[in-house]
Every structure is written in structure tokens, then in C-alpha cells.
1. Using Cβ counts within 10 Å as a stand-in for footprinting exposure, how do A:TRP270, B:TRP214, B:TRP18 rank, fewest first?
2. Simple spin-label model, 7 Å along Cα-to-Cβ: B:ILE27 to B:LEU106 in nm?
3. Tell me, A:TYR125, B:TYR156, B:TYR78, B:TYR297 in order of fewest to most beta-carbon neighbours within 10 Å?
4. Work out which helices of chain B, taken as complete DSSP H runs, extend at least 20 Å along their axis over the Cα atoms and score a mean Kyte-Doolittle of 1.6 or more, then list them.
5. Using a simple charge model, +1 on the beta-carbon of Lys and Arg, -1 on the beta-carbon of Asp and Glu, nothing else, what dipole does the protein assembly as shown show about its Cα centre, in debye to the nearest 20?
6. Rounded to whole Hz and in sequence order, give me ³J(HN,Hα) for the range A:88-94 from the Karplus expression 6.51 cos²θ - 1.76 cosθ + 1.60, θ = phi - 60°, writing x for Gly and Pro.
7. May I ask you to evaluate 6.51 cos²θ - 1.76 cosθ + 1.60, the Karplus curve with θ = phi - 60°, for each residue of the range A:193-199 and list the ³J(HN,Hα) values in order in whole Hz, giving x for glycine and proline?
8. Taking Cα pairs under 8 Å and at least six residues apart, what relative contact order does chain A come out at, in percent?
Amino acid sequence: MTQTAAVELQRDARQTRYEHPSRWTLTVRYLRRNKSLVLGLAIVIGLTLFTVVGSLTIDTERRAYPLAVKPKQPPSAEYPLGTDFFGRDMLAVMVRGIWQTAVIGLIAGAIGTGVGVILGFLSAYYGGAVDTVIRAITEVLLPIPAFLILVIIAGSIDRRSVTIYTMAVIVSLLAWMGPTRIMRAQVLTLKERMFINVARLSGMSNLEIVFKEILPNMLPFILASFVSGVFAGIFASFGLSVLGLGPLREPLIGNTIWFAQQQAAFFNGWWWWPLWPSLALVLIFVSLTLINVGLDELANPRVRRTE
Amino acid sequence: MRLGYLVRRIVFLLAVVWVAATIVFFIPRLSARNPIRERFAEIARSTGFAPKDLDQIIAAYEVKFGLDKPLLEQYVEYMGGVIRGDLGPSLTRYPKTVLELIFSALPWTIVLLMLTTLIAFALGNLLGALASWPRSPRFVKGLMAPLMMLQAVPAYLLGLLLIFFIAFRLKLLPMGGAYSQGVTPSLTLEFILDAARHQVLPAISLILASLGFWALGMRGMGITIQGEDYVNFAEHKGLHPRTIFTQYYVRNALLPQVTGLALAFGSVIVSGVLVEQLYGLPGLGGLLGDAILKNDYFIIYGITLFVILSIAILMFLVDLVYPLLDPRIRYESR
């Protein structure tokens, strides 16, 4: 190997690049092996393009809200996805709904993961009373189906004043226990590793160790936990909104399905009304799961061997 | 030692129920909404019945439901009620209590969720075990990817798509409802068959959504068991592959899955509630959806608490059953 490399190095500079593939080539090569990550990302990119191009070309501010177009039209050249009972253009509804769903998921994922990382670090790194309290709270809250508590919270708020953002905050209220538990376990195992001892012996402060040594090693886990958080956030907000607890003014995907159900869309033959939002949600959920499986493989090379 | 473990579990589950009940009690009281006033406002809107002494009526109702007492006293009373199994009256169907309504809805939910969970558990675990079993045909292994994708999709969405394709397009099964219109519930074979036909789509959507969870978990367990000495030993002893598969392989891989069952109750019930609401079934989900529409808060709180209580009890039961499945547990201190 080294011999040929040396020879080729003298002969042609291009060959050295072959010996040390660029970061880009390595990424591409890795992605070729990690198919679920690629497929998941491709769907997410596709949905993003759909919303971006859609909001640039369609007047979603108007057409995604009632009384904008002729109601109850099946898909046609004028309305590619049809229109609903209230006179909304389904194409505009989908563009805006996917965007709003994504916003809720991203906010909920960020809050849940953020709180989880902080609590998990505090719990694992400092131990003692802090750990006991955080662990006790997490353990007791985990078996309670968060969704039912969310139903009560969402039901206690005046439904007319619920917005996309209140929805996101409600959903993230009970989304931090899982991440806290995972982060705590990860920090606990990392803490015992040699390089942390080396860092401590070389005089690094606690904070330095946390930010310079532990945190970078946790990134894949944090990313995976964020993706699960986005998934859970969208899942919970979807559940609330199909029960009629969502921000009813907005064309959120779950709300659209709820309205379609309330108006008995299938019985009346308006199949396109609930169908597009359902398919969009299926795509969102499947893509997030694929990304998570892909990230798991990235973070956990041991999974590879079992395949 | 086992006694100590059981006591700890009971204390833990009681803590879970207590915390849940406390949350359920306090959250609505932190909000500015007044369910009774809203209820009357709604009656006024829909029927034009708007008495002048509304404030007095509301006050009388509050006395009746004990809402005029200090918060702490209400809390103690409420907790006492929860312990006695009294979840309060229903707002919209007043003489009926929440517990009565729950119990009349419960059989539907129990039948649907029990059947679907058992089928999904059995089928999923079988598929998962076969997928990790070296001798099984390739197509079983190929099933894992679609199952994983299905598991990502909420049962509600699968149910909606099933309504579209099977009930709306192919007209094979009814789109919703618990039984055909105009039929009165009775214990005749005809009625039971009719009701069962209406349960097929909800059941399929619940099974499809949870199948992947069991299959993937089982496959993971199976893969770790493959290298175990006792499996190798059984092979070298010349045991029949089927014996190895059932007695050595599945038997051991199944244990953690049973613990998973306890953890899955929560999500099973939540997705069951949503699916029932989708199909308009008269179970807990239908009751909850209806209560949300009509602002019947006491039913919402009651169902929430009831579900959390039953999850705690089910988790405890799994704790009790587990040592029967795994004899090793008995001698270990946990």
C-alpha cells in the first residue's frame, strides 16, 4: 500500500487524492451504504421544496383560509388537489399545513431535547441529590401517557386563542423525560472513559470538560434525540388536533383531517379533502423514522455488524 | 427479597397515580375557564334558553359539585373520590356519573384493544423471531423494512387510509360506526356479526401500527440470543430445529418483550382512543371525542384518570406475571 502510494505520489498528484479521499467523497460513500438516512433526508428535502416553492408561487395567506375559492371541487386543472367544504384551496392548505406542522415539530423537538440535555447532564455529572430528584421526577412522569395530560392542558385553554406556537409549547411540556433519561445514561458511560480522566488530570475545569470533551461526543445522540423529539411533537400535536383541540383557525394538517371528519368527507364523497393531509403526514412520519434509523447506524457502528 | 421489590413497585405505581391525579386536578383550575358557565352559554346559543338569574344557577351548580369550597378541601375530596372510584358527575348528561359512562363504554374498548394487542403481540413476535432465525426464508427478512415504516405511522392515519381504500373505494367494509344504523344492540348472533364487521378496519389499523414494534424488538433479541452457548449446545445435541426455535429461542427472547408489553399499554390506549374517535365507536375514545366537542370537562378528566389508573394496574400485573415466565427472577434480588 504505502509503496504504491509513494510511487503514485511521485508520478501524479491526482493519485494522492485517491489515497486520501476528500471529506465529500467519504460522505457520499457512507451515504451509499446508509440507505435509510438518504431516503429519509430525500423525503424531507422533497417536502421542504414543496412548501418553499408552494409558498412562493401560491397566495397561501389567502387561499389556505375559508371562503377563498369555490368550495367542494374535486381535483382539477384549476385546483390540482381540489377544494374543501369551507372554500379553501387544498394545495394552499397543504403548503401551509406542512410548514406549520414542521414548525410545531421543530420547536417541540428543540425544547424537549434542550431541556433533556441540560437535566441529563446535571443529573449524571453532578450526581447526588440533584440526580435523585431529577431521576425521581422523570421516572414517575414517564409511565403517564403524556398525550392524555396534553388533552387536559389543551382543553383548559380557550380554544379560540390557541396558536401554532402555544400548540408547540403545550406539546413540549411533557417531551423532556425521555431525552433526559437517554442523556443521563450517555453521560454516565462517557464520564468513566479514560479521556475524561486525562482531561481532569490535565487541569480542565468541570465546565470545560462538559463542553469540550463530553458534549462533542454526545452530538450523534443529541441529534437522534432531536429527530425523535420532532417526531413525538408532530405526533402529539396531530393527536390533539384530530380530537379538535388544535388551533382551529389554522390549516394545520391535523386540523384539516379533523374538519374533514366532522363534515363526514368520505360519506359525502369528498375523498380528496382528508386524503392529501393523511398522505403528507405518512410521508413526514416515515421520513423521520428513516432518518432516525440512519442516525442510529451512524452513532452506533455496532448495529452495522448485526445486519 | 421479592416482597421488598413488590412493595417498591406498589409505592412507585401509587406515586405515578397520585402525581397524575394531582396534575389532572390542578391544571383545569389554573385556567380561567368555567366549564359550567360555558355549558350554559352553549345551551343559550343553541336553544335560546337564557335565564336572567344565570349567575345564581351557576353558583347553585358550583355548590352542588363542591366547586365553591377552598381549593385544598376540593383537592382532598377529589383524591378521596379517586380512591373510592368516584370520578364525579357528567356535565352534559348530569344524572349520570362519569364512572357510569366509562363503564358503559368500556366493553367496546376492552374487546378491541385486547384483541388487537394480543394479535399484534403474537404475530409481531413470531415475525421478528423468524426474521432473526437463520433458517427462515428470505421473504420474512424482507418484511422487516415495510413493518418498520408501518410502525412509524399512527394508527389513526392507517385507519383513515383504510377507510379510503377499503371502505370508500372498494366498499368492502363499513366506513364507521359500531353497528349498522337502525339495529338495536342485543346479544343475538346477527348483531354480534354485524358489530364484528364494523370492528375489522379499526382492528386492522391498530394491528398494523403496532406490529413493527414487536417484530423489530423481537428480531433484536433473537440476534443476541443466536450466539448464546445454550443455543449452540442444543444444536450440537441434535435437537429438532423446531424444538430449538420454540423452546430455546422464542422462549428466551420473549421475556423482555413481556416487559415491553407493560410499557406499551400507554401508547396502545392512546392510539386506541384516537382510532375509536375516527371510526365513531362508542368506546372510551368516542366518549372522549364527544366530551371534547361538548366541553364536558368532568368526562375528560375522568377518562384521563381512569386510563392512567388502568395502566398502573396493568403494569403491576405484568410485574406479577413476569416471575412466572422467567424462573430466574425469583432468586434474584432486584
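Quick note: the coordinates plus some simple rules give every number you see, no bench work behind them. In this text, all values refer to a predicted model and were calculated from it rather than measured experimentally. Glycine also receives a Cβ, built like all others from the backbone with ideal geometry; neighbour counts cover every protein chain displayed.
1. Values: A:TRP270 21, B:TRP214 26, B:TRP18 13.
Ascending Cβ contact count within 10 Å gives the list B:TRP18, A:TRP270, B:TRP214.
2. About 2.3 nm, to one decimal.
3. Working: A:TYR125 18, B:TYR156 30, B:TYR78 21, B:TYR297 24.
In order of increasing Cβ crowding within 10 Å: A:TYR125, B:TYR78, B:TYR297, B:TYR156.
4. On the way: long enough: B:2-30 (42 Å, 1.68); B:98-132 (47 Å, 1.89); B:189-226 (49 Å, 1.03); B:251-279 (38 Å, 1.09); B:297-325 (42 Å, 2.32).
Span-like helices in chain B: B:2-30, B:98-132, B:297-325.
5. Details: 55 positive and 39 negative charges, 264 e Å.
Computed charge dipole of the protein assembly as shown: roughly 1260 debye.
6. Coupling constants for the range A:88-94: 10, 6, 4, 4, 5, 4, 5 Hz.
7. Working through the residues one at a time gives 6, 4, 5, 6, 4, 4, 4 Hz.
8. Working: 394 pairs, mean separation 74.9, N = 307.
So the answer I get is 24 percent.
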